[in-house]
């Protein structure tokens, strides 16, 4: 896993480095040199515009312009901070380090306070960095819009100006970058939409700041090594029993996909609790699964209670429907399940309709994992989808903490949280936006939980394995024709 920081966490890490004895000027100049190396390797540097604000991000840009000019480069600084009554940069309004770097600029560096793009071959964006907290307006907004029109290739220092470092939101307007040099660590805004689409290729510059304190993490492929080991001397009971409760009449595919995914993810046994009408379908499609059948018209809890008692993990809701019988099934499962329970699809829709079901998650003596997409999350939380999208990590943490659950908030960038830590997945592809993909994920998470992974690990590693399997499937079939079953087949390769 890789640390992902908020702006506040980055400032705290910077402060710790300074207090430990590294001067702020030294940190700034390390950042400038690291970014300059990227600039000179990746851009046409015949004439480079250095777009600098009056804060420390601007100081980084000014130091970079100085080093570039000292090496023989043609640098033009466009100062975009406050000016004095004569129209010159107002050094009194600059941060201490920005003013210091401004005073060190050699005479060869052209300094302007009005945007001049004539002859420029590249631009360095050092206007705001991670400190932006309000929408960009006025002359700076006009300058950014002019730069967008000019289509100069841009190198962003830390983060493109206009992208919120904590949420990825665009603050009025933003300057798209060809490459972004993230200072010390990646921030949430580098990884969340829409900001991630404006960052281009991201390089992290190590400037000697130790990043040890964050609640956010970016998942990596090798995190799958955290899955419980599979000893050579084992039997089917060694790897857990998953109960799949889903697949109502006419929706058997949802239960089938979840059950097959649970088996492919390594569960020793999978039992499906399904309407008797689906018996032939399941026995034909998935003979490896066990079946416990019920009559939707005359539901008796006894068979369900027995299945719950046998399970090491339960996944419920996939194609279950929102009928009265489904409500009784979900109520019974939430009340009587003593093992990790993964609630998906119609289980979530029933919770949204009847908040007392969601309250049972908090009261349960065993962990609950909720796996909503943004539409389901909106119904559960009462927040509009746009508000959820605007700050995925914050909403995920708050809801997980308030409900006492592990939350998997599914989006193009899925966030997993237990109310304290927050994990982000950036693998996967648009081909996975297809019916049944979520059923596959629920089955994988339940399988990992049954095999002994903690609920949080089962959720985050389930999301990771699901995404990597989707990428395997995409490499085989392309993202337009990919189906949910292809993700299950890709799971074998992803977990090798």
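Would region 150-245 count as rounded, prolate or oblate if I go by the C-alpha gyration tensor, calling it rounded below 1.5 in a/c and otherwise prolate when a/b exceeds b/c, oblate otherwise?
Taking the square roots of the gyration eigenvalues as a ≥ b ≥ c, region 150-245 is prolate.
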>> So, R0 is 25 Å and r is the distance between the beta-carbons of residue 148 and residue 412; what FRET efficiency does that work out to, to 0.05?
In response: 0.60
> So what's the back-of-envelope 222 nm ellipticity for the chain, counting only DSSP H runs of four-plus at -39500 (n - 2.57) apiece and dividing by all residues, rounded to 500?
Replying inline: -12500 deg cm²/dmol
> Quick one: length gained pulling residue 44 to residue 336 fully straight, 0.36 nm per residue minus the C-alpha distance?
Replying inline: 98.6 nm
> Angle between the Cα long axis of helix 455-477 and the longest principal axis of the chain, 0 to 90 degrees, nearest 10?
Replying inline: 80
>> Rounded to the nearest angstrom and ordered from largest down, what semi-axes does the equivalent ellipsoid of region 1-82 get from its C-alpha gyration tensor (root of 5λ)?
In response: 25, 15, 13
> Among bridges DSSP assigns within region 2-213, what percent are antiparallel (round to 5)?
Replying inline: 5
> FRET efficiency for residue 284 and residue 366, Cβ-Cβ distance as r, R0 = 30 Å, nearest 0.05?
Replying inline: 0.35
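Using only the Cα atoms of region 280-404, build the gyration tensor, take square roots of its eigenvalues as a ≥ b ≥ c, and label the shape rounded, prolate or oblate: rounded if a/c is under 1.5, else prolate if a/b is larger than b/c, else oblate.
In terms of gyration-tensor shape, prolate.
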> Contour minus end-to-end for residue 74 and residue 215, with contour as 0.36 nm per residue of separation and end-to-end as the Cα-Cα distance?
Replying inline: 46.5 nm
>> Tell me the angle of helix 24-42 to the major Cα principal axis of the chain, expressed in degrees between 0 and 90 and rounded to the nearest ten.
In response: 80
> Roughly what angle does helix 7-19 make with the longest principal axis of the chain, taking Cα atoms, 0 to 90 degrees, to the nearest 10?
Replying inline: 60
> Which distance in Å, rounded to a whole number, links the C-alpha centroids of region 332-394 and region 1-53?
Replying inline: 41
> Going by the alpha-carbon gyration tensor, a ≥ b ≥ c the square roots of its eigenvalues, is region 221-494 rounded (a/c under 1.5) or, if a/c is not under 1.5, prolate (a/b greater than b/c) versus oblate?
Replying inline: rounded
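Give the percent of DSSP beta bridges with both residues in the chain that are antiparallel, rounded to the nearest 5.
The answer is about 15 percent antiparallel.
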>> Please compute the contact order of the chain in relative form: average sequence separation of alpha-carbon pairs under 8 Å and at least six residues apart, divided by the residue count, as a percent.
In response: 12
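Defining a contact as two alpha carbons under 8 Å apart and six or more residues distant in sequence, what relative contact order in percent does region 221-494 show?
Once normalised by length, the contact order is 20 percent.
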> Beyond 20 Å, what percent of the Cα pairs of region 2-213 remain?
Replying inline: 52
> Which option, (1) 26.7, 88; (2) 32.9, 117; (3) 24.4, 85, is the value of Rg and Dmax of the Cα atoms in Å that was calculated from these coordinates?
Replying inline: (1)
> Given region 221-494, what percent of its DSSP beta bridges are antiparallel, to the nearest 5?
Replying inline: 20
>> Please rank 312, 354, 84, fewest neighbouring Cβ atoms within 10 Å first, as an exposure proxy.
In response: 84, 354, 312
>> So if the hydrodynamic radius of region 208-310 is defined as the Kirkwood radius over C-alpha pairs, what does Stokes-Einstein give as its diffusion coefficient at 20 °C and 1.002 mPa s, in µm² per second?
In response: 133
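Where a number appears in this text, it was derived from the coordinates with a stated rule and is not lab data. In this text, all values refer to a predicted model and were calculated from it rather than measured experimentally. Heads up, the Cβs are rebuilt from the backbone with ideal geometry, glycines too, and the neighbour counts pull from every protein chain shown.
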